[in-house]
Amino acid sequence: MALVLRDIHQPPAPPWWPPAPGWWLLFAFLAAAALAAWAWHARRRRRRRAIEALFDDTVARAEGPSRSVAAMSELLRRAARRHDPRADRLQGAEWLALLAARLPPGDAGALDPGQATGRLLLEGAFRTDVEPGEVDALHPVARKAYLAMMSGGRR
C-alpha cells in the first residue's frame, strides 16, 4: 500500500494589525515623550511671555523718563543676582560688563560706558534731564539683557 504524501503547508503570515505588545509600548513611550516635549516648550513660552510682560509693564508704569531708567536698572539688578549674588553691588564699567556678557556681540557694544545707552543706564535714574528718545534707545538693549539673564542666557 502506497502512502500518499503531501507537501507541508505553512501557516498564514501573522497580520500586521494589531501589533505585538512591544510595539504598543514603543508607541506609548514615543507619545509620552512627544507630550512631555510639547509641555516643556509650552511652559517655556508661557514663562518667557510672563517675563517679557513683567519688564514691559514695570517700565510702562514708571512716570517719566528717569523713573523708566530706574525701573530698568532695578529689574536688571534683580535679574543679575540670579547669576552672581554680588551683582547688585557692582558699579560703573564692571556692572555694564556683566550685562554686556549676557548679550549677543552685536548688542553688547551698546552697553559700553562710552556709549550713550551705557552712560544712561549708569546715571539716568539720578538725572532729571533724561530725554524720552534716550530711554527709547536704552529700552530694547535693557530688555534683551533682562530676558537673557532671566532665561539663563549667555554667561
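Kindly state which helices (runs of 4 or more DSSP H) lie completely within the range 56-155 and contain at least 1 residues that are surrounded by fewer than 20 Cβ atoms within 10 Å (Cβ to Cβ) and modelled with pLDDT of 90 or more. It comes to 65-80, 92-101, 132-150. When you go through Leu35, Leu5, Leu26 one by one, which is the residue that is open to solvent by 100 Å² or more (accessible area, probe 1.4 Å) and within 43 Å of the chain's Cα centre (by Cα)? None of the other options fit; the residue is Leu35. Being within 23 Å of Glu63 (Cβ to Cβ) and in contact with a Ser or Thr (Cβ under 7 Å, 6 or more places away or on another chain) holds for only one residue in Arg119, Arg127, Arg143, and it is Arg127.
The values are calculated or read from the model by the stated rules, or taken from the named source; none is laboratory data. Values in this document were obtained by computation on a predicted structure and should not be read as measured data. Ideal geometry is used to build each Cβ from the backbone, glycine not excepted, and the neighbour counts take in all protein chains shown. These accessible areas exclude ligands, DNA and RNA; they are computed on the full protein's heavy atoms, side chains included. Shrake-Rupley method; radii C 1.70, N 1.55, O 1.52, S 1.80 Å.
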